[in-house]
Amino acid sequence: MTTADVEGRDLQRHRKNDDVAESLPHHVAVIMDGNSRWARARGMPTSAGHAALQPALEETVRLSCARGIRVLTAFAFSHQNWDRPKEEVDFCMAVYNRFIQDNVAQFLREGIRLRVIGDCSRLPTYLQKTAQNAEEETSSNSQLDLMLAIGYSGRTDILQACGKLARKVHSKLLRPEDIDESLFADELQTSWTDEFPCPDLLIRTSGELRLSNFLLWQSAYSELFFTDTLWPDFGEAEYLQALMSFQSRDRRFGKRKL
Ligand code: IPE
Ligand code: MG
């Protein structure tokens, strides 16, 4: 049997085995990287790579629902990505807008609640409206919380949380000594999803081995999974590999297991 055969057999088993559901992550985060390289490798313009984000994300959402994942956070666009050429930025915004518009009906059918995180004030008005409408329409869903990070920065998220706490202290709603991890986390943008704000599994595609200012506070104990696969090629086999890798990890959270 070749390695590929063994992996294929394991994936088949994994697909069938309901017992493994227990050890699946509650919250999966994905850094959807490699879109431009995917396009370049095909002699296509960068925009084609960004457009190819959509089907791969839709499949990841679908698989997450099917597996009973409770929260999926997808890093679409970082704060630093604003510095890319305007034409590219505009195209990316249009892709995210279309992704949301094309999928609202699906979100309603599947019980998916959407929230866009990041500095939404910098998003084009049409995208702000699309996001707001979709957030309102899906607000009572409870199967899967889908957080789409656009113009997101982990450091900015931490800073804005500090600002909120400082204002509460200033107006005497809070004493500095009352601030603990839980109060702090409540001020982060991810607190919206209340039950599982921290990713158990964080996946990055395209072979880059860094967090790039994603969920910095929230990823303190995330299991990391890196794959060379470029985001547009990320599908069921790659997702299952990431989930299987997660299931093989020994999560101790710094403690000693008895
Ligand atoms: C990720 O794809 C999407 C965005 C950052 C907007 P990239 O455009 O970073 O693709 P690569 O990493 O250059 O291939
Ligand atoms: Mg990149």
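The values are calculated or read from the model by the stated rules, or taken from the named source; none is laboratory data. Since this is a predicted model, take the numbers as computed values, not measurements. Backbone-built Cβ (ideal geometry, glycine too); neighbour counts: all protein chains shown. These accessible areas exclude ligands, DNA and RNA; they are computed on the full protein's heavy atoms, side chains included. Shrake-Rupley method; radii C 1.70, N 1.55, O 1.52, S 1.80 Å.
Working from Cα pairs under 8 Å separated by at least six residues, relative contact order for the chain is 26 percent.
Taking every alpha-carbon pair under 8 Å whose residues sit at least 6 apart, segment 39-115 reaches a relative contact order of 32 percent. Could you tell me which of rounded, prolate or oblate describes the chain, using a ≥ b ≥ c as the square roots of the eigenvalues of the alpha-carbon gyration tensor, with rounded for a/c under 1.5 and, failing that, prolate when a/b is larger than b/c and oblate otherwise? Taking the square roots of the gyration eigenvalues as a ≥ b ≥ c, the chain is oblate. Close amide H pairs (under 5 Å, H built 1.01 Å from N) link Leu224 with Leu202, residues at least 5 positions away or on another chain. Under 15 Å from a label point set 7 Å out along the Cα-to-Cβ vector of Asp90, the amide N atoms of segment 123-166 belong to 124-127.
Estimated from the Cβ-Cβ distance and a Förster radius of 22 angstrom, the FRET efficiency linking Leu209 and Ala41 is about 0.65. Counted residue by residue at 0.36 nm each, then reduced by the alpha carbon distance between them, the extension gain from Ala166 to Ser140 reaches 6.2 nm.
With protein chains left intact and a 1.4 Å probe, residues in segment 124-258 average 55 Å² of accessible area per residue. Mean separation of Cα pairs under 8 Å and 6 or more residues apart, divided by the residue count, gives segment 131-218 a relative contact order of 38 percent.
Where the accessible area of segment 50-200 is counted over protein heavy atoms with a 1.4 Å probe, how much of it, in %, is carbon and sulfur? If you can, show how the numbers build up before the last one.
Details: 3710 of 7590 Å².
Percent of accessible area from carbon and sulfur atoms in segment 50-200: 49.
For Ala185 and Arg109, FRET efficiency with R0 = 41 Å and r from the beta-carbon atoms, rounded to 0.05? Walk me through the numbers on the way to the answer.
Details: r = 31 Å, r/R0 = 0.77.
For R0 = 41 Å, the calculated efficiency reads 0.85.
Annotation: lysines with alpha-carbon distance below 28 angstrom to Lys129 (same-chain offsets under eight excluded): Lys86, Lys164.
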